[in-house]
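What follows draws every value from the coordinates through simple rules; no lab data is involved. Keep in mind it's a predicted model, so treat the numbers as computed, not measured. Cβ atoms come from the backbone with ideal geometry, glycine included; neighbour counts cover every protein chain shown.
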Amino acid sequence: MRALYDVYKFFSLTQNDLFCNTSYPYHPYFFKEYVSKDDIMRNVEHLSFYFHIPFCKTLCKFCEYTRFLIENHNTEQQYLDLLEEQVVSYLSTHKIKKIYGLDIGGGTPSCLSEKGLQRLFSIKDLVTQDVFFVEDFDSSFEFNYETITDEKISLIAGNGISRISTGIQVYDNMMMKKHNRRMSKIEEMAKANETFRKEGIKKINLDIMYGFSKQTDKMLEQTLEVIKILNPDHVTVYEMRYNMNHLAHHSITRESLYHQYEYLYYGLLELNYQARFGQNTFSKYDDEGVSSYLRYRMKKGIPYKGFGISAQSMSCNGITYNSLKSNKSSTMPDIRKIKEEDIYSLPPEEVVAKYISIALYNGSFDCEVVDNILGCDSTKYYHQEFAFLLEQEYIELVNKVVFVTKKGFKYYGAIASLFWSSSHQNKYLRGGIR
Ligand code: SF4
């Protein structure tokens, strides 16, 4: 059991804090004490892969990812060289037995030229040679309609990608313009989706967002209308996170966020999508609405290795961020000056906190994963946290899986914060880090 602290008091401090969400650590600075030179991926033979392509045609003001304006062919080449170097170096020092997922995200990977895409896929193939794949393995690729062409669609479908993902965020021209984002026409999007399907892509995902300042129910309704027309297989509903941008958020409260999620949730159910209340991901089928990379991350805590600028890797030994995490400049810094990665060897409590934050995208987490990380029974270790959350009916515990209830979802960030490490909670209590 952890040292006794006032769970109720801590929960009441974090429950209305918008910065308490699925981001962990609360602030990157919080991991500073764990800086290390260890290889956190040592002996990890079962894992997923992620490739980060940090280029975009325009930069949306709300974006929290590491992304730069695509400049020219040279930048693209240099970046792919870096990616290849990282992959080759990893493969020369690590043995891989089984792959659980492989996602290519960004940025906007479809910003790459046809030639660049072809090269990216040949780099991706380096990690998928001579390995086993989990039975429900799939590979997902992020794109946007503005940068996609028929030739790129053929390349994507012809190179082992089975799921594609893009965002419409908020289907309101004025709002997107204000955030420096161009909206594609519905006909253009429908046409590209049709081509993807003809080429054999099995699942199409659309991301939508809520929690923008001045976002109205009418805008949510318009967004649902577009979902109805485009009929994607998966829909991912993202809550706007204000941790990494400087957008105004004084009008946003946990109540207003809950209302917007609820609006979208029932709207999507009416369109025949399935999800438990509190899940971010919706599906037309009996799956979780995500790629296998995310599914195994969220549900089973499977390790992942990220390649490219700012990409994250994680195992039960800790976490690494490739360089330039949180870099907010619009153009890519000199690639030759980029050092490899920041490594943090984490104690089990930190690994658990990170796992639970990731898993809460799915509105649940698996106590068996937590038991394995801690090496003991998590319901005993977090006895007071479980007692409080169960008594308040914020969670349910079914066969060692925790599900956030409808009542609890309003405070999902505060629920996550109860599983932060003691050191993290103390730093939060001392305050003054923003
Ligand atoms: S297109 Fe996506 S990755 Fe690029 S700036 Fe906009 S939100 Fe960020």
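Using only helices, what value at 222 nm comes out for the chain when you add -39,500 (n - 2.57) per DSSP H run of length 4 or more and divide by the total residues, to the nearest 500 deg cm²/dmol?
About -11000 deg cm²/dmol.
Once Lys and Arg get +1 and Asp and Glu get -1 on their Cβ, which of N243, Y273, A192 lies farthest toward the positive end of the dipole of region 46-296?
N243
For L91 paired with E187, estimate the spin-label separation in nm (one decimal), with each label point 7 Å from Cα along the Cα-to-Cβ line.
4.5
Hey, which of these cross-link pairs are over 23 Å Cα-Cα: K203/K407; K97/K305; K299/K400; K214/K407; K57/K178; K380/K400?
Listed pairs above 23 Å: K203/K407; K214/K407.
Starting with the fewest neighbours, write out F141, F403 ranked by other beta-carbon atoms found within 10 Å of each beta-carbon. Could you put the intermediate results ahead of the total?
On the way: F141 30, F403 17.
Result, fewest neighbours first: F403, F141.
At q = 0.11, 0.13 Å⁻¹, what base-10 log of I(q)/I(0) does the Debye formula yield for region 46-296 when every alpha carbon is treated as an equal point scatterer in vacuo?
-0.61, -0.86
If you stretched the chain out fully between S213 and N173, how much longer would it get, using 0.36 nm times the residue separation minus the C-alpha to C-alpha distance?
Gain on stretching S213 to N173: 12.9 nm.
Using amide H atoms built 1.01 Å from N in the peptide plane, name the residues 5+ places from V170, or on other chains, whose amide H lies under 5 Å from its own.
So V170 has HN proximity to M209.
Would you work out the relative contact order for the chain, in percent, from Cα pairs under 8 angstrom that are 6 or more residues apart?
It comes to 22 percent, rounded to a whole number.
Once label points are set 7 Å from the Cα along Cα→Cβ at both R197 and N180, what is their separation, rounded to one decimal in nm?
Here the answer is 3.5 nm between the modelled labels.
So how far apart, in nm, are the two label points at Q274 and V401 if each is 7 Å from Cα heading toward Cβ?
About 1.2 nm, to one decimal.
What is the percent of Cα-Cα separations in the chain that go past 37 Å?
For the chain, the fraction of Cα-Cα distances above 37 Å is 20 percent.
Using 0.36 nm times the number of residues separating D334 and Y263, minus their current alpha carbon distance, what extension gain do you get?
21.1 nm
Figure the gain on full extension for K32 and L429 (residue separation times 0.36 nm, minus the Cα-Cα span) and round it to one decimal in nm.
141.2 nm
Compute the distance from the alpha-carbon center of region 183-199 to that of region 264-295, in whole Å.
21
So if I place +1 on the C-beta of Lys and Arg and -1 on the C-beta of Asp and Glu, and nothing else carries charge, what would the dipole magnitude of the chain be about its Cα centre? I want it in debye, nearest 20.
840
With only alpha-carbon pairs counted, each pair once and no self-pairs, how large is the Kirkwood hydrodynamic radius of region 53-200 in angstroms?
Details: mean 1/r = 0.0603 Å⁻¹.
Across region 53-200, the inverse of the average 1/r is 16.6 Å.
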